[in-house]
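These notes concern the structure reproduced below.
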Amino acid sequence: MIISNIMIILLFSKIRNLPFPKFKYGKCLLEQRELLSNNKNNELYKYHKLPMTHPPSCKLDNSNQEKNKEINFASVGIIKDKDGKVLLTRRKNNLSQFPNTWVFPGGKLNKNENFITGLLREINEETGIKIYYDEKTNKYKYNGLNILIKPIFLYESIFPSGSKKPTHQNLIVFFSINFPIIYNNIKYKIQKSEIDAFIWIDINILYKIIYMDYNEDILGFKYNEITKKYKSEYFNYKNFRPNFINVKKEIIDSSLKKEFITHGHRTAIKFLSNV
């Protein structure tokens with residue numbers, strides 16, 4: 001998807017906190033999309049023209065509304081080096097939401113954060129990569145280098161997936177974060193408390209693994225509880241591919257408990273790959 005430079009300037013020229021729309025918990029967010037554009041003074045207005053989607057398994061309707069719960073807001077960043085390699089991490093199997101799944105770095109916004117400040121904090125916490133905003137140049141930087149950050153799409157995520165009464169309902173903004181250097185020159189330190197493995201992989205290969213017949217194992221890094229360090233290891237390509245019942249509609253067999261890349265993150269791969 002092509003996003004104009006004018007839109008990027010509008011998004012990032014003034015980083016300030018604005019109120020969020022009052023979504024109804026338990027009702028599909030796609031049915032409440034008008035709340036994004038009803039008021040220019042809400043945090044999501046600047047993103048209201050982006051594509052918005054949700055899992056094919058979403059079963060939310062008007063009958064599921066809960067007055068005492070609130071929507072969570074989150075940011076996810078696809079860190080991409082100049083050669084097209086992206087950082088993908090595996091969530092530890094003891095986490096309460098989406099355990100043992102492969103995802104891009106990101107997470108829930110804290111109180112009084114907007115999507116950008118939350119994005120940069122989560123990136124720093126999970127990967128140790130410090131991106132900062134330079135007010136003089138009106139650009140984002142890493143060690144003095146310009147970093148291009150673009151919003152890609154909005155995504156409704158619910159947990160457990162496919163539930164009519166989820167314990168969590170989230171609205172996520174996915175961003176691409178483009179570095180002008182190769183990943184070996186990016187200083188990173190992966191968060192051990194939430195991530196037990198990670199890979200740097202060409203995003204086009206990632207697409208082929210999920211949707212095509214790419215059947216080669218992937219070199220990455222896995223946390224070793226004995227040495228307390230990440231060690232290189234090959235991961236079976238099937239670990240990234242859901243057990244599709246219908247590939248075109250992306251319907252998976254949820255009865256099989258296995259690791260894979262979740263629908264929202266597969267959507268990001270579709271947006272950014274050139275396959």
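Every number in this text was worked out from the coordinates using simple rules, so none of it is lab data. Source: prediction; values computed, not measured. Using ideal geometry, Cβ is built from the backbone for each residue, glycine included, and neighbour counts are taken over all protein chains shown.
Overview of values
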{"quantity": "Length gained when the stretch GLN97-ARG121 is fully extended (0.36 nm per residue, less Cα-Cα span)", "calculated": "6.7 nm"}
{"quantity": "Order by protection proxy (mean Cβ within 10 Å, highest first), peptides 26-32, 222-228", "calculated": "26-32, 222-228"}
{"quantity": "Loop-located GluC sites (Glu not before Pro) in segment 38-92, at most 16 other Cβ atoms within 10 Å (DSSP)", "calculated": "GLU66, GLU70"}
{"quantity": "Theoretical gain in end-to-end length, LYS139 to LYS189 [0.36 nm per residue, Cα-Cα removed]", "calculated": "15.6 nm"}
{"quantity": "Choice from LEU171, LEU88, LEU50 with maximal GNM fluctuation in the chain (Cα, 10 Å cutoff)", "calculated": "LEU50"}
{"quantity": "Calculated [θ] (222 nm, deg cm²/dmol) that DSSP helices of n ≥ 4 give over the chain, each run adding -39,500 (n - 2.57)", "calculated": "-4500 deg cm²/dmol"}
{"quantity": "Antiparallel bridges, percent of DSSP beta bridges restricted to the chain (to nearest 5)", "calculated": "75"}
{"quantity": "Mean Cα-pair separation over length for the chain, i.e. relative contact order, pairs under 8 Å, 6 or more apart, %", "calculated": "20"}
{"quantity": "Tensor-based shape of segment 195-239 (alpha-carbon gyration tensor, a/c under 1.5 rounded, otherwise prolate or oblate)", "calculated": "prolate"}
{"quantity": "For segment 43-173, alpha-carbon Rg and Dmax in angstrom", "calculated": "16.2, 51"}
{"quantity": "Loop-resident sites, segment 106-159, for GluC sites (Glu not before Pro), counting at most 12 other Cβ within 10 Å (DSSP)", "calculated": "GLU135"}
{"quantity": "Convex hull of the chain built on C-alpha atoms - directionally averaged projected area, nm²", "calculated": "14.9"}
{"quantity": "Cβ-derived FRET efficiency at R0 41 Å, VAL247 paired with ASN224, nearest 0.05", "calculated": "0.70"}
